[in-house]
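A.B. asks: Sharing a structure with you now.
Read the figures in this text as sums done on the coordinates, not as results from a lab. Everything numeric in this text was worked out from a predicted model, so none of it was measured. Cβ coordinates were reconstructed from backbone atoms using ideal geometry, including for glycine residues, and neighbour counts include every protein chain displayed.
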Amino acid sequence: MKRLARVFGLLGGIGAIAYLLRDRLISLTAPREPEPPRFQPIPPHHDGQPGGDHQAKGTAPTNTQDDLTIILGIGPSYAARLADAGVTGLADLASRTPSDLADEIDIAESKVAEWIREAASR
């Protein structure tokens with residue numbers, strides 16, 4: 001009987017130790033979570049405001065009336081599409097109709113209408 005009590009005591013002690021160290025034992029077998037991405041600060045725009053800089057660093061447009069990337073939402077790829085459609089400046093963009101231009105460059109008409117409104121206000 002004493003021997004049986006010793007075995008149960010030993011097993012109980014091992015169980016208690018395993019219970020107390022459960023966080024350490026689980027963390028050894030569980031996969032670690034990847035570190036979150038590190039975010040970079042937004043570089044200042046060429047007019048001093050943060051973000052929205054579509055131009056290469058150190059190159060400022062010579063004529064802002066011909067620079068379509070100053071319109072919110074127009075980046076280099078949309079500017080290239082607009083150039084293919086014959087829109088080379090803000091005046092050209094402001095003179096176009098949203099439905100015709102949207103069909104030509106395959107972009108949503110609402111987005112093109114916003115661009116035309118902003119180009120007309122500049």
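A.B. asks: Using the Cβ atoms and a cut-off under 11 Å, what net charge is assigned to the surroundings of ALA79, where Lys and Arg are +1 and Asp and Glu are -1?
C.D. replies: Here the count lands on -2.
A.B. asks: Further question: Going out from 0 in 5 Å bins, what whole percent of all Cα-Cα distances in region 68-121 drops into each bin?
C.D. replies: 4, 25, 39, 29, 3
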